[in-house]
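Have a look at the structure below before the remarks.
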There are 2 protein chains.
Amino acid sequence: MELGPFTDDPGYRAALDLDAASPLDGWAERFVIDEPDLIYLDGNSLGRLPRDAVDVLSHAVQGQWGGRLIRGWNDGWWELQLEVGELLAPVIGAEAGEVMVSDSTTVNLYKLALAALEARPGRRRILTDDLNFPSDIYVLESAAAHATGERQVEVVPSDGVEGPVEAIIAALDDDTALLCLSVTTFKSGYTYDVAALTAAAHRVGAMVVWDLSHAAGAVDQPLSAAGADLAVGCTYKYLNGGPGAPAFLYVRSDLQSELPSPVQGWFGHADPFALDLEFQPVDGIRRFHVGTMPILSLIGTRVGVALAAEAGIEAIRSTSVSLVGWAERLIDEVLVPRGFSFGSPRDPGRRGSHLSIGHPRAWQITQALIDQGRVLPDFRAPHFLRLGFAPLYTTHQEIHTAVHRLARVVDEGLWETYPQDTSAVT
Amino acid sequence: MELGPFTDDPGYRAALDLDAASPLDGWAERFVIDEPDLIYLDGNSLGRLPRDAVDVLSHAVQGQWGGRLIRGWNDGWWELQLEVGELLAPVIGAEAGEVMVSDSTTVNLYKLALAALEARPGRRRILTDDLNFPSDIYVLESAAAHATGERQVEVVPSDGVEGPVEAIIAALDDDTALLCLSVTTFKSGYTYDVAALTAAAHRVGAMVVWDLSHAAGAVDQPLSAAGADLAVGCTYKYLNGGPGAPAFLYVRSDLQSELPSPVQGWFGHADPFALDLEFQPVDGIRRFHVGTMPILSLIGTRVGVALAAEAGIEAIRSTSVSLVGWAERLIDEVLVPRGFSFGSPRDPGRRGSHLSIGHPRAWQITQALIDQGRVLPDFRAPHFLRLGFAPLYTTHQEIHTAVHRLARVVDEGLWETYPQDTSAVT
């Protein structure tokens with residue numbers, strides 16, 4: 001099939017103009033791009049490798065681990081998860097000292113949800129929605145099981161695309177301990193108003209834990225200004241921290257010395273190397289440390305987060321809005337007439353940096369698009385292609401090309417030779 | 001000061017003979033050694049960089065993350081924590097399918113201790129000893145707080161060197177839910193008889209969680225043959241997995257489908273990519289997965305664990321016994337007359353691969369030994385030098401040189417110019 005660029009299409013020139021006008025024009029050069037004909041629309045699952053990371057990680061292995069050995073801990077490893085937290089804070093609208101890298105997103109959510117529940121004894125209800133990442137719901141059930149008293153997770157149903165804001169607000173009551181939502185939902189990309197939902201929860205005395213996994217490095221929903229209590233998120237998507245890069249957590253400053261850490265570890269001790277048998281929690285965000293961090297991965301995280309901090313969340317957000325709006329327009333013009341449905345919110349203020357498009361043959365189309373179309377999207381069951389637009393390196397021109405390649409996959413029936421199967425691991 | 005080698009000392013020749021007779025003679029060449037005059041006796045805190053890891057990690061960054069992007073998950077990342085677990089199993093005497101890499105040691109201990117407590121409802125007592133790593137005690141208190149019913153951690157006192165075996169056995173009763181011990185204790189190196197203590201706990205119906213952090217890759221205390229229930233451990237010490245490399249956990253095969261995972265995450269789901277709102281635990285060790293693993297660090301872990309597996313635990317253990325016995329002899333001959341005390345067990349069967357030696361000026365001596373003696377040991381409060389002997393790369397000759405350098409630091413009073421201070425981060 002023809003891979004383009006589809007220069008005869010009037011959209012081609014429009015895409016180039018949009019790229020030239022972007023505040024992040026040229027930033028793609030900060031990333032390693034081995035296969036220029038491959039269009040990567042999965043930066044919302046795993047961000048690209050920053051060029052800086054190649055030398056930094058090589059030095060981490062040979063210069064630091066190999067050369068400095070145990071002395072590496074005194075050279076900076078000990079404070080690294082706090083240092084990356086400081087870099088990340090402005091990107092997610094937090095204050096200095098409110099953010100730290102730690103564990104995986106799911107483990108962090110367990111810790112913070114459990115801390116929140118213990119801070120709201122006697123309240124039974126934990127609210128979330130059915131757009132949330134399923135792992136968040138699983139781990140809320142774990143936190144519910146291990147908190148004192150009776151607790152119960154309730155999943156507020158949505159229409160599958162838009163966050164059920166009114167139903168959530170109606171459900172909040174004085175028996176609600178905790179509201180947990182993804183700022184940007186993983187499938188449709190619906191993006192909550194963090195300040196409005198936080199205020200609604202606070203009106204009934206409930207705490208909120210936000211999951212920023214699909215939002216950090218893409219949307220601007222400031223946490224501190226919204227009075228957000230607690231948040232977690234991953235760094236391997238739009239923050240380009242590397243495969244499985246360690247996650248982060250946010251605790252509002254006034255809560256840090258009020259909440260005990262539910263998983264006490266020596267990294268959260270006031271004097272870790274006293275090696276005292278009694279746990280004395282340190283003040284500040286550091287108390288939510290548990291154990292030793294995976295340093296090589298954390299060094300990769302630092303590079304990715306530093307790039308996002310350098311670009312600035314304003315430029316990131318405006319670029320994202322432009323990319324997503326451009327993709328929406330092309331989907332409507334080119335793909336909806338070919339049988340695709342638009343599976344994401346229409347309000348630019350209520351979505352993140354990815355879009356889902358539905359098609360009954362989505363699995364087969366995804367395989368053909370990868371193999372023959374040289375476009376890497378995500379498949380999400382039961383019948384969605386998820387297209388991620390990474391503000392730091394995806395271009396309007398790439399989106400134009402990708403949409404037209406997808407049209408050709410359909411027009412030429414290239415998906416028909418692929419079996420129907422949903423066992424994807426992407 | 002003179003750095004040696006101290007070829008006039010009769011021990012010098014004896015050391016060379018011992019090295020030549022070692023089944024692991026020459027294995028040091030498998031590791032990057034940048035400073036040949038530096039004697040590294042802290043491989044029990046952070047193991048050296050395996051030569052293989054340099055290329056493997058470079059490929060992981062550029063070839064896999066940079067080149068394969070999200071496709072890396074299908075190329076092997078998804079199963080990697082299980083694959084490393086399979087490599088590690090024979091090194092710790094476990095069966096295939098009983099070991100997995102996951103999270104940090106402290107988080108794993110939280111998960112398994114909580115699972116064990118929930119499997120022993122109505123029993124109040126959690127026993128450990130005061131030789132255990134303090135973080136283990138902190139996190140046992142967390143597990144106690146979050147398990148159902150009243151639970152209480154009790155720390156059995158020791159003499160500071162030997163495990164209080166009789167007192168532990170006397171303390172075990174039908175109100176004991178859980179016994180948690182370090183197989184090899186972090187300071188004195190006392191090493192428990194895993195089979196004997198497991199049997200004693202089982203006689204009263206208690207579960208046991210073993211912490212192998214200071215034992216894995218150094219001692220041979222097989223888990224499966226001992227009927228051990230549960231175990232955790234780190235991979236950055238004798239397993240040479242890299243700084244903060246992810247930890248491992250062991251669950252005896254018949255317990256795997258009996259115990260629920262207390263921190264449910266999507267990696268432990270029977271069908272993770274169904275993204276079902278209901279948690280359905282997978283059978284087998286995989287259910288104790290939580291979230292996405294730090295892949296770069298995990299790839300480093302794989303290299304280190306593969307080396308230990310290749311060397312084999314029999315050769316590792318016999319080399320360790322020889323190195324530690326040799327160090328003991330030199331400490332007795334050279335250092336005890338200079339005011340050092342021997343702070344580790346005397347029975348070769350009851351210790352791991354490190355020794356602690358006490359001295360009232362241990363902090364200052366440690367600083368002088370590092371700066372002027374070119375030996376890297378660990379300091380452990382209040383007054384111990386901890387000397388680790390990594391079976392894969394420490395040589396008898398290095399131990400001979402290090403002991404004589406330490407003697408010179410004392411004889412020449414080189415420590416006297418260093419301030420007394422215990423704020424070490426090593």
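Just so it is clear, none of the values below were taken in a lab; they were calculated from the coordinates. This one's a predicted model, so the numbers in the text were calculated from it and none came from an experiment. Here the Cβ is made from the backbone with ideal geometry for all residues, glycine too, and neighbour counts use every protein chain on show.
A few comments on the model shown:
- Helices that extend 15 Å or more along their long axis by alpha-carbon positions and average at least 1.0 on the Kyte-Doolittle scale are, among the DSSP H runs of chain A, A:295-311.
- Relative intensity of region B:58-155 on a log10 scale, I(q)/I(0) at q = 0.12, 0.19 Å⁻¹, equals -0.59, -0.95, per a Debye sum over C-alpha point scatterers of equal strength in the absence of solvent.
- Electrostatic bookkeeping for A:H383 treats Lys and Arg as +1 and Asp and Glu as -1; over the other residues with beta carbon under 12 Å from its beta carbon, the sum is +4.
- Within region A:199-322, the proportion of Cα pairs with more than 17 Å between them is 65 percent.
- Over the C-alpha trace of region B:54-311, radius of gyration and Dmax come out as 18.2, 59 angstrom.
- Note on region A:140-252: dipole from Cβ charges, positive end direction compared against A:Q152, A:L140, A:A167; the farthest Cα belongs to A:L140.
- Lysines with Cα under 29 Å of B:K187, excluding same-chain neighbours fewer than 8 positions away: B:K111, B:K237
- Antiparallel DSSP beta bridges within chain B, as percent of all bridges there, nearest 5: 55
- Its alpha carbons give the protein assembly as shown an Rg and a Dmax of 27.8, 90 Å.
- Each Lys and Arg Cβ is given +1 and each Asp and Glu Cβ -1; about its Cα centre, the protein assembly as shown then shows a dipole of about 220 debye.
- Peptide B:136-149, shielding by other chains (average Cβ, 10 Å cutoff): 5
- Translational diffusion coefficient (Stokes-Einstein; Kirkwood radius from C-alpha pairs) of region B:127-202 at 10 °C, 1.306 mPa s, in µm²/s: 124
- With neighbour counts taken as other beta-carbon atoms within 10 Å, the residues A:T292, A:T235 rank, fewest first, as A:T292, A:T235.
- Value of relative contact order over region A:299-426, rounded to a whole percent, pairs C-alpha under 8 Å and six or more apart: 29
- Around A:V156: net Lys/Arg minus Asp/Glu count, Cβ-Cβ under 9 Å: -3
- Each Lys and Arg contributes +1 and each Asp and Glu -1, all at the Cβ; summed about the Cα centre of region B:54-311, the dipole is approximately 500 debye.
- Think of region B:262-322 as having a plus end and a minus end, set by charges on the Cβ of Lys, Arg, Asp and Glu; of B:L277, B:I299, B:A309, B:A309 sits farthest toward the positive end of this dipole.
- Take each residue in A:99-111, count the other chain C-beta atoms within 10 Å of its C-beta, and the mean is 5.
- Legend: mean number of C-beta atoms from other chains within 10 angstrom of residue C-beta atoms, peptide A:257-263, equals 3.
- Charge sum, other residues only, whose C-beta stays under 15 Å from A:S102's C-beta, Lys/Arg counted +1 and Asp/Glu -1: -3
- Structure-based [θ]222 nm, chain B - -39500 (n - 2.57) summed over DSSP H runs of at least 4, per residue, nearest 500: -10000 deg cm²/dmol
- Sparse-neighbour loop sites [GluC sites (Glu not before Pro); region B:127-192; at most 11 other C-beta within 10 Å; DSSP]: B:E150
- For region A:301-426, a crude dipole built from +1 on the beta carbon of Lys and Arg and -1 on the beta carbon of Asp and Glu, taken about the Cα centre, is about 240 debye to the nearest 20.
- Under 5 Å from the amide H of B:L127 lie the amide H atoms of B:E154, B:L178, B:L179, B:C180, each residue being 5 or more positions distant or on a separate chain, with H modelled from the backbone and absent for Pro and chain starts.
- Computed over region A:287-426, the ratio Rg/Rh where both radii use C-alpha atoms and Rh is Kirkwood: 1.05
- GluC sites (Glu not before Pro) restricted to DSSP loop in region A:235-317 with at most 15 other C-beta within 10 Å: A:E258, A:E278
- The radius of gyration of the Cα set in region A:30-84, together with its Dmax, comes out at 15.2, 44 angstrom.
- Here's the picture: charge each Lys and Arg Cβ at +1 and each Asp and Glu Cβ at -1 in region A:201-332, and of A:L239, A:Q264, A:S224 the one pushed furthest to the positive end of that dipole is A:L239.
- Interchain or long-range residues, amide H under 5 Å from B:F379's placed H: B:R386
- For B:N44, the residues 5 or more places off, or on other chains, whose built amide H falls under 5 Å of its own are B:G388.
- Converting phi to 3J(HN,Hα) with the Karplus coefficients 6.51, -1.76 and 1.60 and the offset θ = phi - 60°, region B:264-273 yields 6, x, 5, 5, x, 7, 4, 9, x, 8 Hz in sequence order, with x at every glycine or proline.
- Debye intensity ratio in log₁₀ form over the Cα atoms of region B:273-368, taken at each q of 0.13, 0.19 Å⁻¹: -0.75, -1.00
- In whole angstrom, region A:1-108 maps to an equivalent ellipsoid with semi-axes of 37, 20, 13, each derived as √(5λ) from the alpha carbon gyration tensor and ordered largest first.
- Placing a label point 7 Å from Cα along the Cα-to-Cβ direction at A:G67 gives distances to the equivalent points in the other copies of 2.6 nm, listed shortest first.
- Hz values of 3J(HN,Hα) by residue in region B:233-239 - Karplus curve (6.51, -1.76, 1.60), Gly and Pro given as x: x, 9, 10, 9, 8, 5, 8
- The Cα center of region B:326-386 and the Cα center of region A:1-55 differ in position by 58 Å.
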